[in-house]
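Quick notes on the structure that follows.
A short reminder: the numbers here are calculations on the coordinates, not readings from a lab. The structure presented is a predicted model; accordingly, all values stated were derived computationally and were not measured. Please note: Cβ atoms are built from the backbone with ideal geometry, for glycine as well, and neighbour counts cover all protein chains shown.
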Amino acid sequence: MVNAEPEGPETMKIGMNLPVMAPGLDRERILEWSRRIDAGPFSHLAAGERINFPNPEIIVTLSAAAAVTERVRILSNVLVLPMHSAVLKAKQLATLDVLSGGRLTVGVGAGARAADCAAVGAEFGVRPLARLAEQVSEMRRVWAGETVVPGALRPVEPFPVQPGGPEILAGSLSPRSVRLAAAWADGICGFSFGPNAAEVDACFRLARDAWQAAGRTAAPRLVTNCWFALGPGARAQLDAYLARYLRFMGPGVAEKLAPTVTIVTPRALTDAVQQLADIGTDELSLVPTTIDPDELDRVVEALG
């Protein structure tokens with residue numbers, strides 16, 4: 001059972017990323033995509049973070065999107081928290097929750113790009129998963145109104161609209177990171193190149209087991225992402241996007257991985273969506289590889 005606008009607990013939600021990693025994005029396209037996502041059947045609007053890349057900054061972009069939308073949830077997908085001050089991010093995210101009227105979901109990850117950390121003066125690879133857990137705890141203390149500076153006249157404000165702060169998802173890919181996330185996250189927000197339903201299913205089973213082992217009373221929210229292209233020249237568009245986006249991984253990596261990324265036709269999209277729904281995915285976040293806003297219409301048409 002699949003629908004972008006869910007009617008029951010067995011229905012998988014479908015959200016949409018802004019095309020922030022595709023070339024040529026500008027103010028008008030960001031706002032048009034935001035408004036059209038909100039007007040469509042999608043469950044959320046998302047954006048990811050990179051530093052040494054020609055993409056717009058994540059918090060500023062999501063704030064602009066929040067200001068021109070009314071319905072969809074706003075998802076950071078994902079925010080690389082160890083690159084930043086947890087207290088400053090808590091204030092920014094609380095402000096974004098206010099701007100969105102309580103529609104924010106926060107996806108956070110430890111990060112995998114040394115150059116991005118170096119660019120902002122952050123350490124890379126030093127206790128990344130432990131540091132991530134500590135920062136999430138610190139953000140929640142800020143959102144709860146705890147004083148972070150002894151003797152300060154006021155706590156860090158504003159407070160989020162959502163009591164206790166927004167839902168937090170762990171951008172976890174490795175088994176260890178998924179297991180550790182059970183201590184502090186509300187769910188996971190992974191990524192599958194294919195997408196590969198068997199790979200995603202294994203990750204989700206691990207998460208369910210980890211949440212149970214940690215004594216969590218609520219099941220984890222299970223979200224995954226994948227790339228797609230549906231317009232004219234979809235295969236060439238997707239391959240060019242991958243070559244550009246994955247360049248940090250070294251020569252030839254994108255070319256090797258490209259054949260595993262398979263959503264380049266409406267049928268491939270519907271098949272992938274059904275497979276992910278069948279394994280109990282709560283929400284799929286589609287990642288476009290073009291700034292053409294008509295890609296949204298192609299998705300809606302393909303999914304009916």
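Mind giving me the FRET efficiency for VAL161 and SER137? R0 is 22 Å, r the Cβ-Cβ distance, nearest 0.05 is fine. Let's see the in-between values first.
Working: r = 21 Å, r/R0 = 0.95.
Efficiency computed from Cβ-Cβ geometry: 0.60.
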Inset, instruction - Would you mind pulling out the separation of the Cα centroids of segment 187-213 and segment 55-84, in Å? - result: 24
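Quickly estimate the mean residue ellipticity at 222 nm for the chain, helices only: each DSSP H run with n ≥ 4 gives -39500 (n - 2.57), and the total goes over all residues, rounded to 500. Don't skip to the answer; put the middle values down first.
Details: 11 runs with 123 residues, N = 304.
Result for the chain, helices only: -12500 deg cm²/dmol.
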Inset, instruction - Please list, in chain and number order, the residues 5+ apart from LEU79 or on another chain whose amide H is under 5 Å from its amide H, with Hs placed from the backbone. - result: GLY107, VAL108, GLY109
Inset, instruction - Give a residue-ordered list of calculated ³J(HN,Hα) values for segment 96-109 (Karplus: 6.51 cos²θ - 1.76 cosθ + 1.60, θ = phi - 60°; whole Hz; x for Gly, Pro). - result: 5, 5, 5, 4, 8, x, x, 9, 8, 10, 9, x, 10, x
Legend entry - Net length gained if the chain between SER63 and ASP297 were fully extended (0.36 nm per residue, minus Cα distance): 81.8 nm
Inset, instruction - Work out the length of the dipole vector of segment 225-279 about its Cα centre, built from +1 on the beta-carbon of each Lys and Arg and -1 on the beta-carbon of each Asp and Glu, and round it to the nearest 20 debye. - result: 200
Legend entry - Sorted by Cβ density within 10 Å, fewest first, the residues LYS91, LYS256: LYS256, LYS91
Legend entry - Cross-link partners of LYS256 among aspartates and glutamates (Cα-Cα below 12 Å; sequence separation of 8 or more within a chain): ASP239
Inset, instruction - For segment 139-149, take each phi angle, set θ = phi - 60°, evaluate the Karplus expression 6.51 cos²θ - 1.76 cosθ + 1.60, and give the result in whole Hz per residue in order, putting x for glycine and proline. - result: 4, 5, 5, 4, 5, 7, x, 5, 6, 9, 10
Legend entry - Cβ-based exposure ranking for LEU222, LEU25, in which fewest neighbours within 10 Å come first: LEU25, LEU222
Legend entry - Contact order normalised by residue count of segment 13-303, Cα under 8 Å, 6+ apart, percent: 19
Legend entry - Label zone at ALA119 (point 7 Å along Cα-to-Cβ), backbone N below 15 Å, segment 72-92: 78-81, 83-84
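Within 14 Å, Cβ to Cβ, of GLN135, how many net charges do the neighbouring residues add up to if Lys/Arg are +1 and Asp/Glu are -1?
Values: positive: LYS89, LYS91, ARG127, ARG131, ARG140, ARG141; negative: GLU123, GLU134, GLU138.
My count for the surroundings of GLN135 gives +3.
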Inset, instruction - Within the set of other residues whose C-beta is less than 14 Å from the C-beta of THR262, count the net charge using Lys and Arg as +1 and Asp and Glu as -1. - result: -1
Inset, instruction - Could you tell me which of rounded, prolate or oblate describes segment 221-304, using a ≥ b ≥ c as the square roots of the eigenvalues of the alpha-carbon gyration tensor, with rounded for a/c under 1.5 and, failing that, prolate when a/b is larger than b/c and oblate otherwise? - result: oblate
Legend entry - Two-site FRET efficiency, ARG127 against ASP26, from Cβ-Cβ distance with R₀ of 22 Å, rounded to 0.05: 0.05
Legend entry - Cα-based reach from LYS89 at 19 Å (exclusive), listing aspartates and glutamates while leaving out same-chain residues under 8 positions away: GLU49, GLU57, ASP97, ASP116, GLU123, GLU134, GLU138, GLU146, GLU157, GLU167, ASP186
Legend entry - Per residue Cα convex hull volume in Å³ - calculated over the chain: 134
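Let me make sure I get this right: for segment 104-190, a, b and c are the square roots of the gyration tensor eigenvalues over alpha carbons, sorted descending. Under 1.5 in a/c it's rounded, otherwise prolate if a/b > b/c, else oblate. Which is it?
In terms of gyration-tensor shape, oblate.
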Legend entry - Cut-off 18 Å (backbone N to label point 7 Å along Cα→Cβ of ASP209), residues of segment 158-186: 172-183
Inset, instruction - Determine, for GLU123, GLU283, the number of other Cβ atoms within 10 Å of each Cβ, and report the residues in order from fewest to most. - result: GLU123, GLU283
